[in-house]
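Accompanying notes for the structure given below.
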Amino acid sequence: MTRAVRAVVLTVSDRCSRGETVDTSGPTLAALAIKHLSAEIIHSKCLPDDQTALSDFFVDWSQPTHSIDVILSTGGTGLAPRDVTPEALRSVMHREHAGLMDLSRLRCLEKTPRTFLSRGIAGTIHRTLIITLPGSPRGCSEMFEAIADILPHAIETLRGDVQDDGRPEMAASQRVIHHTD
């Protein structure tokens, strides 16, 4: 990576947002982003399960002026009636990246088939990757760690550091990232 990964962590929880319980998933996810991506956590927030508030948050923190590489959200991806995080992201994202969450669920299958109960999605707004993960510390940890190995390349590609991503504006003189895998 040419510069540190700039990350935002969002916890989606009615109870946490009201101060009725302590958020453990958000700090867990932040620690994993630091460990696996050497990320700098620029901002963290806890919001209730409100589709408009979540959509607004995703749009705001994806603005190019913030230079955020990845937004990691935890919570609101299950089957409960108020779990609306995927819908919030889907309503504002520019491009969905279904394969990222497919890979996460597939790699977590050996641990538990419940991984397929998560409706989490991933996508982009501008050059920010947004990943919606389960709300439990275990669920968000396992699903994040299942894709942590490919996130650096995804972020480099979104930044424009990878020349072979098909964009015509990438000049031949621009740096090419070479991975050992």
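The values are calculated or read from the model by the stated rules, or taken from the named source; none is laboratory data. Note that this is a predicted model, so its numbers are computed, not measured. Reconstructed Cβ throughout: ideal geometry from the backbone, glycine too, with neighbour counts over all protein chains shown.
Values computed for the structure shown
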quantity	calculated
Leading residue by the ranking (farthest from the chain's Cα centre (by Cα)) among those in region 122-146 that are surrounded by 23 or more Cβ atoms within 10 Å (Cβ to Cβ) and of a type in the set (Val, Ile, Thr)	Thr128
Unique residue being more than 19 Å from Thr52 (Cα to Cα), among the hydrophobic types (A, V, I, L, M, F, W, C), within 11 Å of the chain's Cα centre (by Cα) and not in a strand (DSSP E or B) when the list is Leu106, Leu100	Leu100
Residues of region 2-23 that turn out to be more than 20 Å from Asp50 (Cβ to Cβ) and surrounded by 15 or more Cβ atoms within 10 Å (Cβ to Cβ), as a count	3
Any pair with Cβ under 9 angstrom, 6 or more apart, that starts in region 61-72 at a residue that is surrounded by fewer than 12 Cβ atoms within 10 Å (Cβ to Cβ) and ends at one that is at pLDDT 95 or above and in a loop (DSSP other than H, G, I, E, B)	Pro64/His126; Pro64/Arg127
Complete set of residues in region 39-60 that are free of Cβ contacts under 8 Å to residues at least 12 places away in the same chain and among the aromatic types (Phe, Trp, Tyr)	none
Where a residue in region 16-38 is assigned to a loop (DSSP other than H, G, I, E, B) and its partner, wherever it lies, is buried (at least 19 other Cβ atoms within 10 Å of the Cβ) and among the polar types (S, T, N, Q), with Cβ under 8 Å and at least six apart	Thr21/Ser13; Asp23/Thr11; Asp23/Ser13
Residue that is modelled with the lowest pLDDT [pool: residues in region 128-171 that are farther than 17 Å from Leu103 by Cβ, in contact with a helix residue (DSSP H, G or I) (Cβ under 8 Å, 6 or more places away or on another chain) and outside any helix (DSSP H, G or I)]	Met170
